[in-house]
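Visitor: Below is one structure. I have some questions about it.
The values are calculated or read from the model by the stated rules, or taken from the named source; none is laboratory data. Treat the numbers as computed from the prediction; the structure is a model and nothing was measured. Using ideal geometry, Cβ is built from the backbone for each residue, glycine included, and neighbour counts are taken over all protein chains shown. Heads up: the accessible areas ignore ligands, DNA and RNA and are worked out on the full protein's heavy atoms, side chains in. Shrake-Rupley method; radii C 1.70, N 1.55, O 1.52, S 1.80 Å.
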Amino acid sequence: MQEPQLSVVVPVYNEEASLPLLAGELAAALAEVEGGYEVLFVDDGSTDGSAAVLARLAAEDPRVRVLRMPGNHGQSAALAAGFRHARGELTASLDADLQNDPADLPRMLAAVDGVDVVCGVRARRRDTWVRRVSSRLANGVRNRVTHESIADVGCTLRVYRTDVLRHLPLFDGMHRFLPTLLRMGGARIAEMPVNHRPRRYGKTKYGINNRLWRGIADLLAVRWMQSRWIDRRLVEEVAPWRAQRSGPSCGSGSALPVRGSSSAASSSSGSSPSG
């Protein structure tokens, strides 16, 4: 089976009513994606009828894949599982509750040319005022502490080059810091306004009580990682030095540097090789 160009990762927890509508919207939005796509629904231990709905969707459409977590482990674990199983050159993520609009994905896919990550920014939040205020405060604190400028860290709707996800630091709560963690690894990030819709079914899984204290602990952990981060790009391989004889007249066999297929690059310390 040919690998798709795009993998769409959707964490799911008790969203049985939303899933058929979301699958239909994704199919309509991605019908013209060059190279094809797959949708990875990651069932994070749902206790409603989500598992049965997902099984039916997978039976009806070979582009739908279902991953199931052994119990409820949270959005970060579900996203990490989806990223790990994604086969596409590009990976998109969005929520299962229909508040993210799949119709934004084609614009975001076009915008990823020249960058590594395109982050959605909810242009007009369709949430309660309590959630809007708490989200704005949390976003501002995160940006200030991590020296970031991401306008909407809480928006799950994003498109990534899959390669940049391979070395992502994994921990419970990472989803709140994905742009920062990716930028630490050298990712180039762009932002784009996206649609945001009111919740149609069910209720939100997040509130102030289950976000505040864990969010503060995670924030301090990310700041610590930033201060101790080792950039993988600091080191480059240098061209080898080999002994070369210039001919019979050169009986001493003095060693001369031989340039490899590419020019020698400096090491991580910036020092040049000595002869």
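Residue by residue, here is whether (1) in contact (Cβ under 8 Å) with a residue 60 or more places away in the chain; (2) outside any helix (DSSP H, G or I); (3) closer than 13 Å to V12 by Cα; (4) not aromatic (F, W, Y) holds:
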| site | (1), (2), (3), (4) |
| --- | --- |
| L54 | no, no, yes, yes |
| L57 | no, no, no, yes |
| P62 | no, yes, no, yes |
| A81 | no, no, yes, yes |
| A92 | yes, yes, no, yes |
| D95 | yes, yes, yes, yes |
| L98 | yes, yes, yes, yes |
| D104 | yes, no, no, yes |
| M108 | yes, no, no, yes |
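Visitor: Taking the residues in segment 52-78 that are of a type in the set (A, V, I, L, M, F, W, C) and in contact with a strand residue (DSSP E or B) (Cβ under 6 Å, 6 or more places away or on another chain) as candidates, determine which candidate is nearest to F177 (Cα to Cα).
Guide: Going through segment 52-78, the residues of a type in the set (A, V, I, L, M, F, W, C) turn out to be 52-55, 57-59, 64, 66-67, 69, 77-78.
Filter once more, so that each one left must be in contact with a strand residue (DSSP E or B) (Cβ under 6 Å, 6 or more places away or on another chain): 54, 57-58, 64, 66-67, 78.
On the way: L54: 28, L57: 31, A58: 31, V64: 28, V66: 25, L67: 23, A78: 15 Å.
Here the residue is A78.
Visitor: Look through segment 159-206, keep the residues that are open to solvent by 20 Å² or more (accessible area, probe 1.4 Å) and among the aromatic types (F, W, Y), and return whichever of them is nearest to D48 (Cα to Cα).
Guide: Restricting to residues being open to solvent by 20 Å² or more (accessible area, probe 1.4 Å) and among the aromatic types (F, W, Y), the top hit is Y201.
Visitor: If you scan segment 4-43, which residues turn out to be open to solvent by 10 Å² or more (accessible area, probe 1.4 Å), in a loop (DSSP other than H, G, I, E, B) and in contact (Cβ under 8 Å) with a residue 60 or more places away in the chain? Steps first, answer last, please.
Guide: We begin by selecting, within segment 4-43, every residue open to solvent by 10 Å² or more (accessible area, probe 1.4 Å); these are 4-5, 11, 13-17, 20-21, 23-25, 27-29, 31-37.
Checking which are in a loop (DSSP other than H, G, I, E, B) leaves us with 4-5, 13-17, 31-36.
Residues satisfying the conditions are P4, Q5, Y13, N14, E15, A17, E32, V33.
Visitor: Sort through L57, L22 and tell me the only one that's at pLDDT 95 or above and under 23 Å from the mean Cα position of the chain (by Cα). Steps first, please.
Guide: On the way: L57 fails: under 23 Å from the mean Cα position of the chain (by Cα).
After applying the criteria, what remains is L22.
Visitor: Tell me yes or no: at least one residue of segment 34-42 is over 18 Å from the mean Cα position of the chain (by Cα) and more than 19 Å from P4 (Cβ to Cβ).
Guide: Checking segment 34-42: not a single residue is over 18 Å from the mean Cα position of the chain (by Cα) and more than 19 Å from P4 (Cβ to Cβ).
Visitor: Here's a follow-up. Taking G88 as the residue in question, decide whether it is open to solvent by less than 10 Å² (accessible area, probe 1.4 Å), outside any helix (DSSP H, G or I) and within 24 Å of P169 (Cα to Cα).
Guide: For G88, the condition - open to solvent by less than 10 Å² (accessible area, probe 1.4 Å), outside any helix (DSSP H, G or I) and within 24 Å of P169 (Cα to Cα) - is met.
Visitor: Still on this structure: Tally up the residues in segment 102-114 that are over 13 Å from the mean Cα position of the chain (by Cα) and surrounded by 17 or more Cβ atoms within 10 Å (Cβ to Cβ), please. Quick ask: steps written out before the conclusion?
Guide: First, pick out the residues of segment 102-114 that are over 13 Å from the mean Cα position of the chain (by Cα): 102-111, 113-114.
Then keep just the ones that are surrounded by 17 or more Cβ atoms within 10 Å (Cβ to Cβ); that gives 102, 104-105, 108-109.
Of the residues in segment 102-114, 5 are over 13 Å from the mean Cα position of the chain (by Cα) and surrounded by 17 or more Cβ atoms within 10 Å (Cβ to Cβ).
Visitor: Still on this model: Looking at the structure I just gave you, is V118 at pLDDT 90 or above and touching an Asp or Glu at 6+ places or on another chain (Cβ under 8 Å)? Even if it seems obvious, please write down each step before you answer.
Guide: On the way: at pLDDT 90 or above: yes; touching an Asp or Glu at 6+ places or on another chain (Cβ under 8 Å): yes.
It is true that V118 is at pLDDT 90 or above and touching an Asp or Glu at 6+ places or on another chain (Cβ under 8 Å).
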